[in-house]
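J.: My questions all concern the structure below.
The values are calculated or read from the model by the stated rules, or taken from the named source; none is laboratory data. Worth saying up front: this structure is predicted, and the values here are computed from it rather than measured. Positions of Cβ are backbone-derived with ideal geometry, glycine not excepted, and every protein chain shown enters the neighbour counts.
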Amino acid sequence: MGVQPELAFEAEEAEILQAGLGQVHVVVEESGSIGGLASVVQAEPEPFDVIHLSGHGVMTADGPRFVMEDEVGARHDASAEEITDALRHHWPRLVFLSGCSTGQAADTGLLASMAEALVKAGAPTVLGWARPVGDIAATRLAASLYQSLGRGDSIVVAVTEARRAMAGATPPSSAWHLLRLYADRKGLPLGRIQVD
């Protein structure tokens with residue numbers, strides 16, 4: 001796809017599964033495409049509790065984009081509108097855009113961040129990164145987040161615990177403060193997310 005650095009998707013998946021200790025049910029969409037995401041969402045009878053998209057986020061002249069693939073494996077910079085359509089407006093309680101700068105608005109301030117755009121489209125809560133973040137730091141944070149959600153913690157508690165875990169890691173991660181949580185006008189859900 002020509003995007004660097006190459007991300008270790010399988011390592012991230014393994015770490016999330018390990019951290020979830022059987023409490024987090026993970027469905028992996030292998031193609032990395034909008035069509036593949038739509039197919040996975042349509043195959044489930046109920047909306048997911050969490051949708052986790054892992055990849056690169058980029059800012060273009062047309063606004064923020066999440067780097068995905070098209071049907072033949074070529075790079076496709078997906079807009080918030082395309083992600084919204086793929087999810088069929090059946091929003092999970094949390095969308096995690098685990099990609100660089102997915103929680104960062106354009107320097108002009110005229111375009112919303114990808115995370116903010118998804119909240120405006122109807123997502124109740126969205127996590128994104130305010131700046132570039134390393135693959136290892138993002139993976140460790142995701143593992144900590146899903147471990148906390150698997151214990152039954154609310155989104156707010158899980159995000160707080162994941163940030164604390166990053167700050168307290170050996171060596172400490174300098175990216176702990178870059179995670180951003182966006183919420184709609186209803187406010188942050190304080191109840192637990194039901195996970196398998």
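J.: Do we have residue 160 as of a type in the set (S, T, N, Q), within 18 Å of residue 183 (Cα to Cα) and surrounded by fewer than 17 Cβ atoms within 10 Å (Cβ to Cβ) here?
T.: Yes; evaluated as a whole, the condition is true for this residue.
J.: Turning to a different aspect of this structure: Being buried (at least 19 other Cβ atoms within 10 Å of the Cβ), assigned to a helix (DSSP H, G or I), in contact (Cβ under 8 Å) with a residue 60 or more places away in the chain and touching a helix residue (DSSP H, G or I) at 6+ places or on another chain (Cβ under 8 Å): is that true of residue 141 here?
T.: When the stated conditions are applied, residue 141 does not pass them.
J.: Considering only residues that are hydroxyl-bearing (Ser, Thr, Tyr) and surrounded by fewer than 16 Cβ atoms within 10 Å (Cβ to Cβ), which ones fall in segment 47-78? Lay out the reasoning, then the answer.
T.: From segment 47-78, those hydroxyl-bearing (Ser, Thr, Tyr) are 54, 60; that's our starting set.
Of everything in segment 47-78, just one residue is hydroxyl-bearing (Ser, Thr, Tyr) and surrounded by fewer than 16 Cβ atoms within 10 Å (Cβ to Cβ), namely 60.
Quick grid of which residues meet (1) at negative phi; (2) in a loop (DSSP other than H, G, I, E, B); (3) buried (at least 21 other Cβ atoms within 10 Å of the Cβ); (4) under 14 Å from the mean Cα position of the chain (by Cα):
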| residue | (1), (2), (3), (4) |
| --- | --- |
| 36 | yes, no, no, no |
| 45 | yes, yes, no, no |
| 82 | yes, no, no, no |
| 97 | yes, no, yes, yes |
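J.: Across segment 104-138, what is the number of residues that are of a type in the set (D, E, K, R) and either crowded, with 23+ Cβ neighbours inside 10 Å or at pLDDT 90 or above (or both)?
T.: Count: 2.
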